Amino acid sequence: MSADWLFLQLHQNAPIPLSLQISVRAGELLALVGPSGSGKTTVLRSIAGLYRPQYGTIHCRDDVWLDTRAAIDHPPQQRRAGLVFQNYALFPHLTVRDNLTVAMDQGTAAAQRTEALRLLETVHLKGLEDRYPHELSGGQQQRVAVARALARQPRVLLLDEPFSAVDQMTRKRLQNELARLRRRIEVPIILVTHDLNEASALADRICVLHNGRALQTDHADSLFRRPRSPQVARLLGHNNVFNGRLLTVNGQPRLRWGDQQLELATSPPLPTGSDVDWFIPDSDILLHRRGRPSLGERENPVTGRVTECVPLGAQTEITMRCQGGAQPLRLQISTHAARRNDIRIGADIRVSLLAEGIHVMNPVDYRADQSLNFSA
Amino acid sequence: MDWTALNISLQLAAWASALLLPIGLLLGRWLAATPMRGRGFVEAAVALPLVLPPTVLGFYLLVLFSDDNPAGWLWRTLTGSGLNFSFSGIVIASVIFNLPFAVQPIQRAFESIPPYVREAAWCSGLSHWRTFWRIELPLIWPGVISAMILTFIHTLGEFGVILMVGGAIDGETRTIAIAIYDRMQAFDESAAATMSLTLLIASFAAIGIVYSLTGRKPLHVR
């Protein structure tokens, strides 16, 4: 087998569409993100053996857990997947310690109790081993659920929205704990979440799911700066996705956007004259300061008028209609910068679109996604 | 007080409860796990004794138990005696008549276990059998006790179906409920009153236990 510890490939059209291929290395944390109904939980349940997809293969290290073509479908008991349920699913009639020992299948009863205490110490629950689940807070219950999943000595750890049922404060603390705990876990971890901040803070790689299809699997930074398709950009909450046409001017690549010709940092692998979708991250839109020169202001300057200005705490979201008929641009600037530059609806402003940030998407990468989506 | 009749009644109730325990667990679990569409007929059949007149059930059992019928014939061939007007006959009649009292509380108890608790057990490596012993049974036991108490007490008070299938043979099929009727026919009101009061108190106590069991919620299922 390869360095990939867990490999899965799932396909089906109904009742829940699935089409994805994922591999996760040992010790790696992969986040599955997507809107509700995108199939995140179904993927997790398929790995655990609680859901059987129409077609698929799942390998974990040297074991085949599922191979529909060879009629192999191991039950959950034989898969050694530690699953943390969204609502934890603790056994209500068992103490915290027994919730753990019941999941252990090796060693004497005494050894299991010692191991349970060791695990409870890891998740900071020492001293609570004789409590019942209903005597614990939400955060404590979540920790028991994590400890129980580990008690099985899993070959893969699966977390289904593990922070969704607790309050904001507890969530932050539990996320930090997971970030620390994962360094001691040597198996692949898959985290299902709809919270992008959570995914980018905790995960090594993020897989964006939509309608059961893995649209892009990448490191957080690449994902946010180089989304593969307009759909991925929108699912990640980005608005600045535009249409343009590739040009070559004096041997340099250019992007025509409305009346503007934007410089590009690199030449996209597409023929001149192609109509393309392109994207620019918020971080690469620079507001020019009024009356004073700003850094990089000669790079792709765009003039426009503010049509919306919404302060959201420390950040203010601005929509500008650009001169030359280009599509409206949205940018976030700090609220104090907005105040200092007297930005309000109707004001004329100038921004630079940094060439380094302009990402021209390659239609070859995602036309196939769209055509498949239509047929489904 | 007709001690023989009371003894018959207690034995009958014990047999019916004992036989209905495994039947109730199996049927209740199956019904709780089966989608509404597939279980409709069985669920209706289990509930039928609640609305069917006992004499109607008794009539069909008499027909079924007779030697002309394959079932009755088979029983006689195997055991050497007939089912009609015998203790075995009224035990079988009681089991059928009490199906809803045994099955329904157990079914409700199984239904109250959220599906993810069972799935968590499988993902923790517990086989289906261990899941039943370690997880499901401890969670449903109030339902099981309720089912057994209801069956027991309801069997003590059975009249119509026992009279039809068993007649009123002293020491064999004459239960306490039938004894009360016989005493009244014989104008022995004080004996009837003693036995009636006994049944009243027993029934009241049983209902009290069942209510306190179904009302308790020490095992908070999230």
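The values are calculated or read from the model by the stated rules, or taken from the named source; none is laboratory data. Just so we're clear, the structure is a prediction, and the values are computed from it rather than from any experiment. Here Cβ is always computed from backbone atoms with ideal geometry, including for glycine, and neighbour counts include all displayed protein chains.
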Is it the case that some residue within segment A:229-249 is within 30 Å of A:Arg61 (Cβ to Cβ), in contact with a strand residue (DSSP E or B) (Cβ under 8 Å, 6 or more places away or on another chain) and free of Cβ contacts under 8 Å to residues at least 40 places away in the same chain? no
What are the residues in segment B:102-125 that are free of Cβ contacts under 8 Å to residues at least 40 places away in the same chain, of a type outside the set (Asp, Glu) and facing chain A (nearest Cβ under 7 Å), if any? B:Tyr116, B:Ala120, B:Trp122, B:Cys123, B:Ser124, B:Gly125
Sole residue being at pLDDT 95 or above and among the charged types (D, E, K, R), chosen from A:Arg213, A:Arg205, A:Arg225, A:Arg256: A:Arg205
Taking the condition modelled with pLDDT of 90 or more, closer than 30 Å to A:Gln9 by Cα, loosely packed, with under 15 Cβ neighbours inside 10 Å and in the same structural domain as A:Glu177 (by TED's automatic domain parsing), does A:His219 pass? yes
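Filter segment B:74-101 down to the residues that are among the small types (Gly, Ala, Ser) and within 22 Å of the chain's Cα centre (by Cα), then identify the one that is farthest from the other protein chains (Cβ to nearest Cβ).
B:Ser86
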Selection within segment B:127-147 - surrounded by 21 or more Cβ atoms within 10 Å (Cβ to Cβ), under 18 Å from the mean Cα position of the chain (by Cα) and not polar (S, T, N, Q): B:Ile140, B:Gly143, B:Ala147
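Just to be sure, is A:Leu44 within 18 Å of the chain's Cα centre (by Cα), modelled with pLDDT of 95 or more and within 14 Å of chain B (Cβ to nearest Cβ)? Quick ask: steps written out before the conclusion?
Details: within 18 Å of the chain's Cα centre (by Cα): yes; modelled with pLDDT of 95 or more: yes; within 14 Å of chain B (Cβ to nearest Cβ): yes.
For A:Leu44, the condition - within 18 Å of the chain's Cα centre (by Cα), modelled with pLDDT of 95 or more and within 14 Å of chain B (Cβ to nearest Cβ) - is met.
Kindly indicate whether A:Leu196 is crowded, with 19+ Cβ neighbours inside 10 Å and of a type outside the set (Gly, Ala, Ser). Spell out the reasoning first.
Numbers: crowded, with 19+ Cβ neighbours inside 10 Å: no; of a type outside the set (Gly, Ala, Ser): yes.
In short, no.
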Need at least 1 residues that are over 25 Å from A:His219 (Cα atoms) per element, so show me which strands (runs of 3 or more DSSP E) inside segment A:1-99 make the cut, counting only ones lying wholly within it. A:4-12, A:55-60, A:63-67
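Confirm whether A:Arg113 is out of contact with any helix residue (DSSP H, G or I) (no Cβ under 9 Å at 6 or more places or on another chain), away from chain B (no Cβ under 11 Å) and in contact (Cβ under 8 Å) with a residue 12 or more places away in the chain.
no
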Within segment A:63-94, the count of residues that are within 7 Å of chain B (Cβ to nearest Cβ) and polar (S, T, N, Q) comes to 2
Of A:Leu270, A:Leu312, A:Leu354, the only residue that is buried (at least 17 other Cβ atoms within 10 Å of the Cβ) and outside the structural domain of A:Leu20 (by TED's automatic domain parsing) is A:Leu354
Just for segment B:33-50: of the residues that are part of a helix (DSSP H, G or I) and of a type in the set (Val, Ile, Thr), which one is surrounded by the most Cβ atoms within 10 Å (Cβ to Cβ)? B:Val46
Which of (1) surrounded by fewer than 18 Cβ atoms within 10 Å (Cβ to Cβ); (2) on the phi > 0 side of the Ramachandran plot is the odd one out, the single condition A:Asn176 does not satisfy? (2)
Could you list, in sequence order, the residues of segment B:189-211 that are without any contact (Cβ under 8 Å) to a residue 60 or more places away in the chain, surrounded by 12 or more Cβ atoms within 10 Å (Cβ to Cβ) and not aliphatic (A, V, I, L, M)? B:Ser196, B:Ser203
Please give the number of the condition A:Met104 fails out of (1) crowded, with 24+ Cβ neighbours inside 10 Å; (2) among the aliphatic types (A, V, I, L, M); (3) within 13 Å of chain B (Cβ to nearest Cβ); (4) more than 29 Å from the chain's Cα centre (by Cα). (1)
Qualifying residue in segment A:129-152 (condition: out of contact with any Pro (no Cβ under 6 Å at 6 or more places or on another chain), in a loop (DSSP other than H, G, I, E, B) and more than 14 Å from chain B (Cβ to nearest Cβ)): yes
Report every pair of residues separated by at least 6 positions or lying on different chains whose Cβ atoms are under 7 Å apart, first residue within segment A:187-200 and over 26 Å from A:Gln153 (Cβ atoms), second of a type in the set (Val, Ile, Thr). A:His194/A:Val33; A:Leu196/A:Val33; A:Ala199/A:Val33; A:Ala199/A:Thr193; A:Ala199/A:Ile206; A:Ser200/A:Ile206
Quick check on this structure: which one of A:Arg61, A:Arg97, A:Arg52 is among the charged types (D, E, K, R) and either closer than 17 Å to A:Leu20 by Cβ or in contact with a Pro (Cβ under 8 Å, 6 or more places away or on another chain) (or both)? A:Arg52
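Looking only at residues in segment A:227-254 that are among the basic types (Lys, Arg) and surrounded by 18 or more Cβ atoms within 10 Å (Cβ to Cβ), which one is farthest from A:Leu202 (Cα to Cα)? Can you show your working first?
As a first pass, look at segment A:227-254 and keep what is among the basic types (Lys, Arg): A:228, A:234, A:245, A:254.
If we keep only those that are surrounded by 18 or more Cβ atoms within 10 Å (Cβ to Cβ) too, we end up with A:228, A:254.
Working: A:Arg228: 22, A:Arg254: 37 Å.
Only one residue fits best here, namely A:Arg254.
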